[in-house]
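Visitor: Take this structure, written in structure tokens, and hold onto it; I'll ask about it next.
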Amino acid sequence: MPIIDTHHHFWKYSEKEYGWLNDNMKALRRDFLPEDLYKEMRAAGVDGAVSVQARQTVEESDWLLGMAEKNDFLKGVVGWVDLRNKGVDKDLERLAKHKKFKGVRHVIQDEPDNNFILGAAFNEGINKLLKYDLRYDILIYEKHLKPSIAFVDKHPKQIFILDHIAKPRIKERILSPWRENMMDLAKRQNVYCKISGMVTEADWKKWSAADLAPYFDTALQAFGPRRLMLGSDWPVMLVAGKYKQWVDLVKQAVSRYSAAEQAQILQKNAIAAYKL
């Protein structure tokens, strides 16, 4: 069954550019490039992938597109532009000319204002994405779900993809109010959700499939096989597990569905959501 990994990152490591890689993440303080990912994908039976921004610079968007143009297995790029900038159209128009530029993302989880996503200038930028047929990836912690629901309601025609099932508090084994808010957000049919980023929200050294099960179950119940996608969050997830281990875990979690529904989650929803 063909598989698309909808979420990974590349970087050429420098302490200045990737200061968020703290002492607990020393294993990630090196370069991660297409040839590294391709080896992991082949071993795990994954056929294609979507590159997602790791730095908030337009230059990185160009860099990711350059690698995507040289590697057929890289099917799309979710980059970054300053959506608050009144002149953002210039960047969007230029980037959207690349057939593999599929969407944009902002690291909302790191903004000091928990209601950043509702900011006027930011939402004006979001309004411009439809013109270029671009998607928006929502990167948040579970505490941001309430304002994110209000945000999505402002843009009923925009396609959104929720990253990392909104980063619930898996390590603490806390389900509420994350579960209720996920069910609420999923009522919006223009929102897809990536099954990704879960092992890094769990206990990196001691997590088990049983620890993740309630969070898998909630995501599956909320979004169902028509709006879920597999994502690895490689190489970040390497602090807590192995690439193939994660792919196999997702395949096991979705095995409750029919073969056709599994194909949707593992490949077809990614093609539909991002227009790959």
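Visitor: Output the number of residues of the range 1-40 satisfying the condition of being closer than 22 Å to I161 by Cα and free of Cβ contacts under 8 Å to residues at least 40 places away in the same chain.
Guide: Selection size over the range 1-40: 0.
Visitor: Restricting attention to the range 130-147, report how many residues are within 20 Å of K97 (Cβ to Cβ), of a type outside the set (D, E) and either out of contact with any strand residue (DSSP E or B) (no Cβ under 6 Å at 6 or more places or on another chain) or assigned to a helix (DSSP H, G or I) (or both).
Guide: 3
Visitor: Here is a check on your reading of the model: is G45 farther than 28 Å from V152 by Cβ, modelled with pLDDT of 95 or more and more than 18 Å from the chain's Cα centre (by Cα)?
Guide: yes
Visitor: Something else: Kindly establish whether I271 is under 17 Å from the mean Cα position of the chain (by Cα), at pLDDT 95 or above, surrounded by 21 or more Cβ atoms within 10 Å (Cβ to Cβ) and not in a loop (DSSP other than H, G, I, E, B).
Guide: Working: under 17 Å from the mean Cα position of the chain (by Cα): yes; at pLDDT 95 or above: yes; surrounded by 21 or more Cβ atoms within 10 Å (Cβ to Cβ): no; not in a loop (DSSP other than H, G, I, E, B): yes.
Against the criterion (under 17 Å from the mean Cα position of the chain (by Cα), at pLDDT 95 or above, surrounded by 21 or more Cβ atoms within 10 Å (Cβ to Cβ) and not in a loop (DSSP other than H, G, I, E, B)), I271 does not qualify.
Visitor: Applying the selection to the range 148-191, what residues are of a type in the set (D, E) and either surrounded by 13 or more Cβ atoms within 10 Å (Cβ to Cβ) or not in a loop (DSSP other than H, G, I, E, B) (or both)?
Guide: Step one: list which residues in the range 148-191 are of a type in the set (D, E), which gives 153, 163, 172, 180, 184.
Answer for the range 148-191, where residues must be of a type in the set (D, E) and either surrounded by 13 or more Cβ atoms within 10 Å (Cβ to Cβ) or not in a loop (DSSP other than H, G, I, E, B) (or both): D153, D163, E180, D184.
Visitor: Does K251 count as within 16 Å of the chain's Cα centre (by Cα), surrounded by fewer than 21 Cβ atoms within 10 Å (Cβ to Cβ), under 23 Å from M41 (Cβ atoms) and not aliphatic (A, V, I, L, M)?
Guide: So K251 fails the test.
Visitor: Moving on to the next point. Residue under question is F122, and the condition is that it be of a type in the set (F, W, Y), modelled with pLDDT of 95 or more, over 18 Å from F223 (Cβ atoms) and in a helix (DSSP H, G or I); does it hold?
Guide: Taking the combined requirement at face value, the residue satisfies it.
Visitor: While we're looking at this one, here's another question. Quick one: what pairs do we get from the range 214-241, first residue under 17 Å from D163 (Cβ atoms), second charged (D, E, K, R), C-beta under 7 Å, 6+ apart or different chains?
Guide: T218/R179; M229/K194; L230/D5; G231/D5; G231/K194; S232/D5; W234/E40
Visitor: Can you tell which of L228, L220 is more than 26 Å from R29 (Cα to Cα), within 18 Å of the chain's Cα centre (by Cα) and crowded, with 22+ Cβ neighbours inside 10 Å?
Guide: Going through L228, L220 in turn, just one is more than 26 Å from R29 (Cα to Cα), within 18 Å of the chain's Cα centre (by Cα) and crowded, with 22+ Cβ neighbours inside 10 Å: L228.
Visitor: Quickly run through the range 163-208 and pick out the residues that are of a type in the set (V, I, T) and without any contact (Cβ under 8 Å) to a residue 12 or more places away in the chain.
Guide: I174
Visitor: Something else about it: Is it the case that the range 55-73 has a residue that's buried (at least 16 other Cβ atoms within 10 Å of the Cβ), assigned to a strand (DSSP E or B) and under 19 Å from the mean Cα position of the chain (by Cα)?
Guide: No: the range 55-73 contains no residue that is buried (at least 16 other Cβ atoms within 10 Å of the Cβ), assigned to a strand (DSSP E or B) and under 19 Å from the mean Cα position of the chain (by Cα).
Visitor: So in the range 192-217, with the set limited to residues that are aliphatic (A, V, I, L, M) and surrounded by 14 or more Cβ atoms within 10 Å (Cβ to Cβ), which one is farthest from Y274 (Cα to Cα)?
Guide: Within the range 192-217, the match that is farthest from Y274 (Cα to Cα) is A202.
Visitor: Right, something else. Has the range 167-185 got at least one residue that is within 18 Å of the chain's Cα centre (by Cα), of a type in the set (A, V, I, L, M, F, W, C) and within 18 Å of Q252 (Cβ to Cβ)?
Guide: yes
Visitor: For residues in the range 74-86 being assigned to a loop (DSSP other than H, G, I, E, B) and at pLDDT 95 or above, which is nearest to V52 (Cα to Cα)?
Guide: Checking each candidate, the answer is W80.
The values are calculated or read from the model by the stated rules, or taken from the named source; none is laboratory data. Bear in mind the structure is a predicted one, so any value in this text is a computation, not a measurement. Backbone-built Cβ (ideal geometry, glycine too); neighbour counts: all protein chains shown.
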